[in-house]
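Down below is the structure, laid out as structure tokens.
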Amino acid sequence: MSVAELLHRTASAAWARAELEGPFGPTYSLAHAIHLAATLAANLVPKGADVALTRFEVSPGDTAAALAHAEKLIRSVAIESLPPGSSRLVAMLDDVTRQVHP
């Protein structure tokens, strides 16, 4: 599973919870932020960076664990080896992770 796939599945799980809360619930904003990070990751993260994800079992339904793992994986790759714009993904993941763990 790639970082983008993990984030996409995590966003989908968060969207499902947000539907139950309604459009003004806190999960709605979180789901939106995760979805944006997934979209950015799909366009930026090189295929080789995704290999480490196969060694871990992370449930997309466990939002905190999935976000922490995605952030850890992205930070394990030297920013210089990532495509331009990747620092924005790192910052987005940091912000979203802080939403889950204030």
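The values are calculated or read from the model by the stated rules, or taken from the named source; none is laboratory data. None of these values were measured; they are calculated from a predicted model. So basically every Cβ, Gly included, is an ideal-geometry build from the backbone, and we count neighbours across all protein chains shown.
A Cβ distance below 6 Å, combined with a sequence gap of six or more or placement on separate chains, defines the contacts here; from the range 64-76, residues that are free of Cβ contacts under 8 Å to residues at least 40 places away in the same chain reach residues that are surrounded by 13 or more Cβ atoms within 10 Å (Cβ to Cβ) and not polar (S, T, N, Q) in the pairs A64/V100; A65/V58; E71/L93.
This table checks each residue for (1) over 15 Å from the mean Cα position of the chain (by Cα); (2) modelled with pLDDT under 85.
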| position | (1), (2) |
| --- | --- |
| A4 | no, yes |
| L7 | no, no |
| A14 | no, no |
| R17 | yes, no |
| T39 | no, no |
| N43 | no, yes |
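Name the residue that is farthest from the chain's Cα centre (by Cα), counting only residues in the range 76-102 that are part of a helix (DSSP H, G or I) and polar (S, T, N, Q). Lay out the reasoning, then the answer.
If we filter the range 76-102 for residues that are part of a helix (DSSP H, G or I), which is where we start, we get 79-81, 86-100.
Next, from what is left, pick out any that are polar (S, T, N, Q): 81, 86-87, 97, 99.
On the way: S81: 19, S86: 13, S87: 14, T97: 8, Q99: 12 Å.
Selected residue: S81.
Scanning the range 21-33 for residues that are loosely packed, with under 14 Cβ neighbours inside 10 Å and modelled with pLDDT of 90 or more yields no hits at all. Taking residues in the range 11-27 that are of a type in the set (A, V, I, L, M) and part of a helix (DSSP H, G or I), and partners anywhere that are exposed (fewer than 15 other Cβ atoms within 10 Å of the Cβ) and at pLDDT below 90, the pairs with Cβ atoms closer than 7 Å and at least 6 places apart or on different chains are A13/G61; A18/G25.
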